[in-house]
Amino acid sequence: MGRRSRDRQRLAQAAARLMVDQGIESYGRALGKAAGRLEIRDPSRFPDRTEIEAAIREHYRLYAPERQASLLARLDLAACSLMEQLTPFSPLLGGMLAAEVAGEGSVVEIYLFAESPDEVSRSLEERAIDHRQGPIVRWRLRRRQLTVPTIHLSWQGAPFVIFLFPHRFKGQLSREERPYLSLKALQRRIHDRQSAGSDGGTDRPAPPCRRSSASP
C-alpha cells in the first residue's frame, strides 16, 4: 500500500471514530477534523464518503457488533413503519441509516416528494403524527442548488427529519451516488435480516412493518 492509500485509510478511520464517538453526522466536518489532527492537507489523500462508511462499519464490527445490529434493526423498523404512513409521497430512506452506519442518537432521514409542504403536514395531522416545521436547507443536486423544506418528528422513539422535494426531482434524487432505499427495498432488507437470524427460508414476501395506524 502506497503512502497516499495509507493516508486515505488513516483519515477514513479517524473520521469514522469521530462520527461514532462524538456523534458527528456530517462526513465533511468529521473528515475536516480528522485531517487537522493528522495534519494531512492534500485533498487527493482524502477518502470519499463510501470509504468513511466502510470504516464506520468496521469499527462497529470490531467493538459493538451486537449492539449495532440491534440498533439498526430497531431503526429500520421505525423508518419502515413511518414510510408506510407516507406512501402517497413516494418515500425514500436516506442518510446514515440507509448506509447502515447510523449510531445512537442518529437522526433518520426520509425524503418525500409532494406539491407543497402543507400537503405533507395535512397528511401527518390526519394520522395524528406530531411534527414541527424545520429550517429550510440547501441541497446540491448535481449542478443545481435547491432550497428544501424540512419537517422534524419523533416516531417509535427515534428522531426523524423529513426532506420535502417537488415531484419533478424524484427520479433525479434516486440516481444520486448517496444510498437511498425505497419502502420496498427497506422491507426486503428487514426481511432478509430477520430470515438470516432464523431457521426460515428467504423466499417469503417481505411483510409490512406498521405496528399500528399511528404509533409515535
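For region 136-186, name all the residues that are of a type in the set (F, W, Y) and either closer than 24 Å to E104 by Cβ or in a helix (DSSP H, G or I) (or both).
W155, F160, F163, F169, Y180
For region 65-79: of the residues being more than 15 Å from L153 (Cα to Cα) and in contact with a Leu (Cβ under 9 Å, 6 or more places away or on another chain), which is surrounded by the most Cβ atoms within 10 Å (Cβ to Cβ)?
Checking each candidate, the answer is D76.
Looking only at region 6-44, count how many residues are of a type in the set (V, I, T) and either closer than 20 Å to E104 by Cα or part of a helix (DSSP H, G or I) (or both).
2
Any residue in region 115-123 that is in contact with a His (Cβ under 9 Å, 6 or more places away or on another chain), of a type outside the set (A, V, I, L, M, F, W, C) and closer than 16 Å to W155 by Cβ?
yes
Out of all the residues in region 106-122, is one or more among the basic types (K, R) and closer than 25 Å to A16 by Cα?
no
Please go through region 116-173 and pick out each residue that is surrounded by fewer than 18 Cβ atoms within 10 Å (Cβ to Cβ), under 17 Å from P88 (Cβ atoms) and of a type in the set (A, V, I, L, M).
A128
Run I129 past the list (1) in contact (Cβ under 8 Å) with a residue 12 or more places away in the chain; (2) assigned to a helix (DSSP H, G or I); (3) under 19 Å from Q156 (Cβ atoms) and report the number of the one that doesn't hold.
(2)
If A78 meets every condition in (1) assigned by TED's automatic domain parsing to the domain that holds P159; (2) farther than 28 Å from Q172 by Cα; (3) touching a Gly at 6+ places or on another chain (Cβ under 8 Å) apart from one, which number is that one?
(2)
Is there any pair linking a residue in region 74-91 that is part of a loop (DSSP other than H, G, I, E, B) to one that is of a type in the set (D, E, K, R), with Cβ under 8 Å and at least six apart or on different chains, and which?
Short answer, once both residue conditions are applied: S90/K170.
Please verify whether D118 is more than 18 Å from the chain's Cα centre (by Cα) and in a loop (DSSP other than H, G, I, E, B), treating the condition exactly as stated.
Considered against the rule, which asks whether it is more than 18 Å from the chain's Cα centre (by Cα) and in a loop (DSSP other than H, G, I, E, B), D118 comes out as no.
Which one is farthest from V161 (Cα to Cα) among residues in region 1-32 that are surrounded by fewer than 16 Cβ atoms within 10 Å (Cβ to Cβ) and of a type in the set (G, A, S)?
By that ranking, first place goes to G2.
The values are calculated or read from the model by the stated rules, or taken from the named source; none is laboratory data. Everything numeric here is computed off the predicted structure, so don't read it as measured data. Every residue, glycine among them, receives a Cβ derived from its backbone with ideal geometry; neighbour counts consider all protein chains shown.
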